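The values are calculated or read from the model by the stated rules, or taken from the named source; none is laboratory data. Being a predicted model, the structure only gives us computed values, none of them experimental. Don't worry about glycine lacking a Cβ; one is built from the backbone with ideal geometry, like all the others, and counts go over all protein chains shown. The accessibility values were calculated without ligands, DNA or RNA, using every heavy atom of the protein model including side chains. Shrake-Rupley method; radii C 1.70, N 1.55, O 1.52, S 1.80 Å.
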Amino acid sequence: MLEKRDFYINGAWVSPATANDFAVIDPSTEEQCAVISLGGQADTDAAVSAARAAFDSWSQTSREERMALLEKLAAVYDARQEEMAQAMSMEMGAPIALSRAQQVGAGSWHIGGFLKAFKDFSFEKDFTATEKTLLEPIGVCALITPWNWPMNQIILKAIPAIATGCTVILKPSEVAPLSGHLFAEFMHEAGFPAGVFNMLNGDGPGVGSQLSSHPDVDMVSFTGSTRAGIAISKAAADTLKRVSLELGGKGANIIFADANPKAAKQGAIRCFRNSGQSCNAPTRMLVHKSRYDEAVEMAADVANNTHVGPASEEGKHIGPVVSEVQFNKIQGLIEKGMAEARMVAGGLGRPDGLNRGYYVKPTVFADVTNDMTIAQEEIFGPVLSIIPFETEEEAVAIANDTPYGLTNYVQTEDDALRRRVARRLRSGMVETNGVGFAQGSPFGGYKQSGNGREGGAFGLEEFLEVKAVSGWAAE
């Protein structure tokens, strides 16, 4: 699987029309681990044509037919979990224990959530005694997915699109494409009809732009940077296709005076998880002044005691960031932070003992103000900014003072305060007191964090059109 360079189009593995080789780099070693080919316009056209040809028949299949195939896919996914864990660990640097439990586990979790939602989802609603509202598949969907949580994002897009009767073209990140290739194998093994699922490699300016502007693509579902989301929206505008975006974040973690004594420790751990490469990471820790010094000390202690090592190493550590580009970007922002605020842990360069690989020191900045670069830009690395506050009003104002609005966090034992603040935060998700979200909960943001919602019934609705039909006789 790791050396496969073919694309999956119309139910078969096919050689690219072009031979634009691209090296996949293992971020733990900086060594090449696979070679793929980046697609060109001919490859994009072939994939879209296959999806378009398959749409008429697939969109008319029954819920039972689709459910049976999705259940087969779930079984294949479960049976081949270790292959997927190894692929993601190699391509994007997730430690193997994290890859097995959370990277692979996220896919299983969302498949289960979609199967539950799909089983009882209503595609027809009685509006009046003589009028029916129908929910119908939007058509051919381009799915453009990122490298940081590969299976999480592929599953969140591919499963609801196919379940609702759409046909799809998946373009996984060229930086971490191995999991996407393996998922295509899973789809083939499960027996989906030719053309329902297609996969090709490519970069954003190439295949990404071609899919976004293609007249036979009805919808683009994209997860990635806000910059790329804006470019995709512009490319899609001429054909007025639907664009669903899941973009960046700069989450505030508000720790009030009465919060759990371990709130700062847990917040720092959460910030550094997956090497800080999560759009919903709590990267701004807002702490009441009565707990501020304690929180700074606690977060610095977490950073200093977080082990950094190769993805292949067993244990509860963090791995490298995904690429040299990301490493250099993070180093530049750490350097910027050193000029802006007080660094209490971490800093520039690799951790001691590591002279190769894209490893970043877990870094904590104190005395940050929200106008600083490190408080406004999404760093996408293991870097935490700590900001003091005195009042509820101040905390809410700081939290909302960002172009992003994906996930915010609230820590307090005062239920009225917790609910009041949650209502005032301008974000698509608010996690309170460490309570995780339920299966099928809507994932998505406000403002420059995007406009889509993924997961469960909300994810199914993303891929549906609404049709009103009058004069519908009683059945």
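Quick notes
- The conditions of being of a type outside the set (Ser, Thr, Tyr) and surrounded by fewer than 16 Cβ atoms within 10 Å (Cβ to Cβ) are not met by ARG426.
- When residues of segment 304-343 are limited to those that are surrounded by fewer than 21 Cβ atoms within 10 Å (Cβ to Cβ) and hydrophobic (A, V, I, L, M, F, W, C), the one nearest to ARG356 (Cα to Cα): PHE327
- Scope segment 130-153; condition under 24 Å from ALA281 (Cα atoms) and in a strand (DSSP E or B); matching residues: LEU143, ILE144
- Exactly one residue out of PHE380, PHE365 is open to solvent by less than 10 Å² (accessible area, probe 1.4 Å) and either part of a loop (DSSP other than H, G, I, E, B) or within 20 Å of ARG273 (Cβ to Cβ) (or both): that is PHE365.
- Checking each residue in segment 371-384 for being of a type in the set (S, T, N, Q) and over 22 Å from the mean Cα position of the chain (by Cα) picks out only THR373.
Residues checked against (1) touching a residue at least 24 places away in the same chain (Cβ under 8 Å); (2) more than 27 Å from GLU465 (Cα to Cα); (3) open to solvent by less than 80 Å² (accessible area, probe 1.4 Å):
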{"position": "ARG63", "(1), (2), (3)": "yes, no, yes"}
{"position": "MET67", "(1), (2), (3)": "yes, no, yes"}
{"position": "LEU70", "(1), (2), (3)": "yes, no, yes"}
{"position": "ALA74", "(1), (2), (3)": "yes, no, yes"}
{"position": "ASP78", "(1), (2), (3)": "yes, yes, no"}
{"position": "SER89", "(1), (2), (3)": "yes, yes, yes"}
{"position": "MET92", "(1), (2), (3)": "yes, yes, yes"}
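- Scanning segment 191-207 for residues that are without any contact (Cβ under 8 Å) to a residue 12 or more places away in the chain and touching a strand residue (DSSP E or B) at 6+ places or on another chain (Cβ under 9 Å) returns no hits.
- Pair list, Cβ under 6 Å, 6 or more apart: segment 208-237 residue under 18 Å from PHE463 (Cα atoms), other residue open to solvent by 50 Å² or more (accessible area, probe 1.4 Å): PRO215/THR239; ASP216/ARG52; MET219/ARG242
- Failed item in (1) more than 30 Å from ALA129 (Cβ to Cβ); (2) out of contact with any Leu (no Cβ under 8 Å at 6 or more places or on another chain); (3) touching a residue at least 40 places away in the same chain (Cβ under 8 Å), with TRP472 passing the rest: (1)
- Contacts under 6 angstrom Cβ, first residue in segment 172-190 being over 15 Å from GLY107 (Cα atoms), partner open to solvent by 10 Å² or more (accessible area, probe 1.4 Å) and in a helix (DSSP H, G or I), 6 or more apart: GLU189/VAL76; ALA190/LEU69; ALA190/LYS72; ALA190/VAL76
- Screening segment 154-273 for strands (runs of 3 or more DSSP E) wholly inside it with 1 or more residues that are touching a Cys at 6+ places or on another chain (Cβ under 9 Å) and surrounded by 24 or more Cβ atoms within 10 Å (Cβ to Cβ) returns the ranges 167-171, 219-223, 242-246, 252-255.
- The residue that is farthest from the chain's Cα centre (by Cα), counting only those in segment 311-360 that are under 27 Å from PRO388 (Cβ atoms) and assigned to a loop (DSSP other than H, G, I, E, B), is ALA341.
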